[in-house]
Amino acid sequence: MPHPAGPGTQAIHAGDPAPRPNAPVVNPIVTSTTFYMDAEGRGDLLYTRYGNGPNHQVLEARLAALDGGEDALVVGSGMAAMACALLSLLQAGDHVVATDAIYGGTRALLSSELSRLGIQTTYVDLFSPGWTEALRPETRVVLGESVSNPILRVLDVAEVARAAQAHGAALVIDSTFASPINFRPLEHGADLVMHSATKYLGGHSDVTAGVLVGSDARIGEARKRARVWGPVLDPHAAWLLERGIKTLSVRMERHNRNGVEIARWAQSRPEIARVLHPSLPSHPDHETAARILDGFGAMLGIELRGGGPAATRFVRALQLAKLAPSLGGVETLVSEPRHTSHSGMTPAERAANGIPDGFVRISLGIEDAADLIADFDQALRAAGDDAMEREAAD
């Protein structure tokens, strides 16, 4: 490209092979598991199990450009990406300081799996200045999420990066909820950024993948672990992900607009006790979000006044939005974290982390905002009518 390109342009063109006459405009799917070698052993050894086939190479170049990194690694899921990141940075006897506002799967990886390898984790409130007291001489990684799942905390990554790196620890940020359109952690001092590409990067709920972006050295170490542990991304999945990324910028524009509009509407509803969205002045990190994010996102958290029963009635009454796990697709999905991402925690643990019964996570799609509001409105009314009928029957 002749000049620094914006993210929308990078999402379409970064990493494309040089054009040549009669070459396809759309990169083809290359399903070969192996590739011819140079007789003298020169050049890379291409092997699909290594995850470096033609579809992977184009995709990784594009993802690196989007997040402002030197290199990227694509693997079979977000959890595979996080595992490769941590395995590349840690060994027995090391210590991790992780945010307590963390995805349940990542917590299980740290607490159930890495602990068996002699790696300890301390969970902290990274939004409190006192978190640095958890750092030990053997701390090698500080792990954060921004925007966090599911309570949508927005971390001042630059501030955490300074403290981590002064201690000699690497900062790893899960930036799945933001996408590279809204936030690029490497620009704020993070050492590695991870995305569950299943979500916004793919964007159509039809591919499972994960990505790491960082320096050549950091990604090189993660790539070594990926080649040993084998979480390869299938070439067809890589092709689907590349196709999804081409529309990331325009999808995020609609996602961001829907998030702001529907969050404001939700604040007006008496059935809702709490609305979490970084665009709202009531959000604890609104000032940070306004300063560092390029968009507030389409993840919305609401807490219904009737607790768990009210949440169940609400999600059952939805017609346009669908009750399903995951997020980041073009369709609107809702879930209760107590039944999905945070089901492994006790009710008391969830409540302590801002996820009481009655909390509903909404991944707003790219439907017309008016249609989504109408659906949420009828579901709230239906849930209220159902509750009154139950009371009358009792």
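The values are calculated or read from the model by the stated rules, or taken from the named source; none is laboratory data. Just so you know, these numbers come straight off a predicted model, no measurement behind them. No Cβ is skipped: glycine too gets one built from the backbone with ideal geometry, and neighbour counts run over all protein chains shown. Please note that ligands, DNA and RNA were not included when accessible areas were found on the heavy atoms of the full protein model with its side chains. Shrake-Rupley method; radii C 1.70, N 1.55, O 1.52, S 1.80 Å.
One table, with the values for the structure above:
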quantity: Failed condition for Ala351, given (1) more than 13 Å from Leu318 (Cβ to Cβ); (2) touching a residue at least 60 places away in the same chain (Cβ under 8 Å); calculated: (2)
quantity: Given (1) under 16 Å from Gly365 (Cα atoms); (2) touching a residue at least 60 places away in the same chain (Cβ under 8 Å), index of the condition His236 fails; calculated: (1)
quantity: Members of region 108-120 that are buried (at least 19 other Cβ atoms within 10 Å of the Cβ) and either touching a His at 6+ places or on another chain (Cβ under 8 Å) or at pLDDT below 95 (or both); calculated: Ile119
quantity: Region 68-94 - residue that is in contact with a Pro (Cβ under 9 Å, 6 or more places away or on another chain) and not aliphatic (A, V, I, L, M) and, of those, most open to solvent (accessible area, probe 1.4 Å); calculated: Gly68
quantity: Residue among Asn52, Asn27 that is without any contact (Cβ under 8 Å) to a residue 12 or more places away in the chain, closer than 22 Å to His195 by Cβ and more than 22 Å from the chain's Cα centre (by Cα); calculated: Asn52
quantity: Some residue of region 35-45 being free of Cβ contacts under 8 Å to residues at least 60 places away in the same chain and buried (at least 18 other Cβ atoms within 10 Å of the Cβ); calculated: no
quantity: Residue in region 83-90 that is within 30 Å of Ala134 (Cα to Cα), of a type in the set (S, T, N, Q) and assigned to a helix (DSSP H, G or I) present; calculated: yes
quantity: The one condition in (1) touching a strand residue (DSSP E or B) at 6+ places or on another chain (Cβ under 8 Å); (2) in a helix (DSSP H, G or I); (3) over 19 Å from His188 (Cβ atoms); (4) touching a residue at least 40 places away in the same chain (Cβ under 8 Å) that Ala108 fails to fulfil; calculated: (1)
quantity: Search result, residues across region 121-150 that are outside any helix (DSSP H, G or I) and open to solvent by 30 Å² or more (accessible area, probe 1.4 Å); calculated: Thr121, Thr122, Tyr123, Asp125, Phe127, Ser128, Leu135, Arg136, Pro137, Glu138, Arg140
quantity: Verdict on Leu59 being at pLDDT 95 or above, touching a strand residue (DSSP E or B) at 6+ places or on another chain (Cβ under 6 Å) and more than 21 Å from Asp191 (Cβ to Cβ); calculated: yes
quantity: Selection status of Gly259, small (Gly, Ala, Ser), closer than 17 Å to Leu364 by Cβ and touching a residue at least 12 places away in the same chain (Cβ under 8 Å); calculated: yes
quantity: The listed residue being of a type in the set (A, V, I, L, M), surrounded by fewer than 23 Cβ atoms within 10 Å (Cβ to Cβ) and at pLDDT 95 or above, out of Ala158, Ala178, Ala164, Ala169; calculated: Ala158
